[in-house]
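A short write-up of the structure that comes next.
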Amino acid sequence: MKRQVDFLVIGTGIAGLSYALKVADHGRVLIVSKTSVNETATWYAQGGIAAVMYNPDTYNKHIHDTLVAGSFLNNEEIVRITITESTERVKELIEWGAHFDKESSGRYALAREGGHSEFRVLHHQDRTGSEIQRALTEKVIRHPNIEILENHFTIDLITQHHLGKIVRRTHGDIQCFGAYVLNPENGAIETVLAKTTMIATGGAGNVYQTTTNPTIATGDGIAMFYRAKGIVDNMEFIQFHPTSLYNQREKPSFLITEALRGAGAILKDHKGKEFMQKYDKRGSLAPRDIVARAIDNEMKLSGMEHVYLDARHIHEREILDHFPGIHAKCLSIGLNIMKEMIPVVPAAHYICGGIKTDANGRTSIHHLYASGEVASTGLHGANRLASNSLLEALVFSHRASADTIARHSEISFMENIPDWNAEGTVLNEEMILITQSRKELQSIMSNYVGIVRSNLRLERAAQRLEILYQETEALYDKSVISVELCELRNMINVAYLIIKFASQRKESIGLHYSIDYPSRENQNHPKE
Ligand code: FAD
Ligand code: SIN
């Protein structure tokens, strides 16, 4: 089955929906979500969205904080673009119907998170993401030019590689003509032809055992782009959020927002003693890489499986007004955060790298854009400043939409695209093979490619991953296609890239910390 649309958008988070809303006035849009429209990382965002709103904050201060957090490995032009466009983009989001908390004066109430020198994080209690997602989804659903295809899984991008000898109209340049999309309910694979395609598939946290990311985050966009021979970047920089709720029975891990530390909560060890000052003078509000490594070290020293976050001294009213979600969640497992310390542990949270894009969201493949967590714009450098990612998605989806609209009339549909080739697929694979390989992958990544790395660990990871890769490709070649198998294959692709980039970086910087190389930025890093 074939269908043609002007704009194909893969992903229904902040990046996909905000782009779709802007291009929809210029043609027909199809948006694909692999589950339901609101099951996105965007929905789960807690702390908020960073933007320069009032004095004494300035663009230069926010730029400086972003560069410091990123160990100056950021692309400075991209940082300047993102921050100087922050106010305008957030105002637009408000016009679209998103509500952020206000003070009694009518000004927006701004929070502060790790690495920020000013209060600049707009938020909606501790449920900012679901409020943004609500506003965007409502607006998208009302747009007559937009169709949303839920529970459909994008398998691969369509490029010249799928055309064989039929058409080769470029000389070495790769072009995207749309994507192959699986309907898991009936096994049908649709050929979706589009003049322009936007990848907004979010992150890849599920390559690790413990993650704050929803189960949809399996790195599909990065993997399909890499298979299409596109250029990826910065894959070694995986951000571990220092404080997810320690609750072994729960997957994904529930996040305890950094804003709680911004409001005064303090990290403590099992004896109830503060420990962050040993590692960084900014204490519990040091940038995430430093805090996550410090917690990792404290856990190794004590042999315990978590540390604590103490919010008991924060006023009851403040907890109930600003952190009702965390309060309710902890109560649901029998923990009253006003009386007891919260057990917390770091969890894979965000991938700073991904599909390399330029200032307009263009990728190395023609007619293909990327935005949101899947993209590597250069904003984050070696470490993302808290609450900069929702902002990044808004800014680059906006820029990509303007670029798309400007070029739209020059692009025509590609004819002669073959349907998905299902020849040779005879096996209905056994699910146990897939689930076991997925667990093995997550164990390799968590044990050898986590918060603290070494050359030996990376070598081991690469060797073990190679076995999983060979087994999975063999299975894929013979099997009737399924979402689980595609996700496993994608996660192995992404893990391979993380290991490859990590092995190539011969230094410790930002989120890539190796015991084999001294850190050039912070001499207080924990030693193993
Ligand atoms: P997502 O919102 O993750 O959307 C991805 C979409 O792609 C989904 O619709 C999914 O179905 C679709 N998709 C994926 N693969 C396929 C496929 N193969 N086929 C079809 N569809 C597919 N950032 C901040 O700035 N501030 C915060 O306070 C904050 N808090 C966070 C809290 C949590 C718990 C988490 C997990 C993240 C948080 N982040 C925060 C990060 C931020 O939420 C994400 O980086 C951002 O929302 C990503 O948006 P996105 O649009 O790129 O992707
Ligand atoms: C948080 O609320 O701590 C998460 C913020 C982010 O990931 O940017």
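The residue that is nearest to ligand 1 (Cβ to nearest atom), among those in segment 342-366 that are of a type outside the set (Gly, Ala, Ser), crowded, with 24+ Cβ neighbours inside 10 Å and assigned to a loop (DSSP other than H, G, I, E, B), is Cys352. Every residue in segment 126-153 that is open to solvent by less than 50 Å² (accessible area, probe 1.4 Å) and within 16 Å of ligand 2 (Cβ to nearest atom), please. The answer is Asp126, Thr128, Gly129, Ser130, Glu131, Ile132, Gln133. Taking first residues from segment 48-76 that are on the phi > 0 side of the Ramachandran plot and partners that are surrounded by fewer than 20 Cβ atoms within 10 Å (Cβ to Cβ) and part of a loop (DSSP other than H, G, I, E, B), the Cβ contacts under 6 Å between residues at least 6 apart in sequence or on separate chains come to Ser71/Glu521.
Yes/no per residue for (1) at pLDDT 95 or above; (2) of a type outside the set (A, V, I, L, M, F, W, C):
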site: Asn388; (1), (2): yes, yes
site: Leu391; (1), (2): yes, no
site: Leu394; (1), (2): yes, no
site: His398; (1), (2): yes, yes
site: Ala406; (1), (2): yes, no
site: Glu410; (1), (2): no, yes
site: Asn416; (1), (2): no, yes
site: Trp420; (1), (2): no, no
site: Glu423; (1), (2): no, yes
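In a residue-by-residue description of segment 214-236, the property of being surrounded by fewer than 24 Cβ atoms within 10 Å (Cβ to Cβ) and within 16 Å of ligand 2 (Cβ to nearest atom) applies to at least one position. Is it the case that Tyr59 is away from ligand 2 (no atom under 16 Å from the Cβ), aromatic (Phe, Trp, Tyr) and under 15 Å from Leu379 (Cβ atoms)? Considered against the rule, which asks whether it is away from ligand 2 (no atom under 16 Å from the Cβ), aromatic (Phe, Trp, Tyr) and under 15 Å from Leu379 (Cβ atoms), Tyr59 comes out as yes.
Starting from segment 185-197, keep only residues that are more than 14 Å from Leu149 (Cβ to Cβ), then list their pairs with residues that are part of a strand (DSSP E or B) and open to solvent by 40 Å² or more (accessible area, probe 1.4 Å) whose Cβ atoms are within a distance under 8 Å, requiring at least 6 positions of separation or different chains. Taking only residues 6 or more apart or on different chains, the pairs are Leu193/Lys2; Leu193/Arg3; Leu193/Gln4. Of Lys329, Lys339, all but one fail to be open to solvent by less than 60 Å² (accessible area, probe 1.4 Å), of a type in the set (Lys, Arg), modelled with pLDDT of 95 or more and not in a strand (DSSP E or B); the exception is Lys329. Here Asn213 fits the description: touching a Phe, Trp or Tyr at 6+ places or on another chain (Cβ under 9 Å) and near ligand 1 (Cβ under 9 Å from one of its atoms). Counting only residues that are assigned to a helix (DSSP H, G or I) and farther than 27 Å from Ile405 by Cα, segment 42-68 holds 12 of them. Considering segment 95-123, and only residues there that are of a type in the set (Asp, Glu) and in a loop (DSSP other than H, G, I, E, B), the residue that is least open to solvent (accessible area, probe 1.4 Å) turns out to be Glu113. How many residues are in a loop (DSSP other than H, G, I, E, B) and away from ligand 1 (no atom under 16 Å from the Cβ) when one looks only at segment 387-421? Final tally of qualifying residues: 10.
Which of the residues belonging to segment 264-282 are part of a helix (DSSP H, G or I) and touching a Lys or Arg at 6+ places or on another chain (Cβ under 9 Å)? Passing the criteria: only Met276.
The values are calculated or read from the model by the stated rules, or taken from the named source; none is laboratory data. Predicted model, so just to flag it, every value in this text is computed and none were measured. When we count neighbours, we look across all protein chains shown, and the Cβ atoms used for this are built from the backbone with ideal geometry, even at glycine. Ligands, DNA and RNA are stripped out before the accessible areas are found, and what is left, the full protein with its side chains, is counted by its heavy atoms. Shrake-Rupley method; radii C 1.70, N 1.55, O 1.52, S 1.80 Å.
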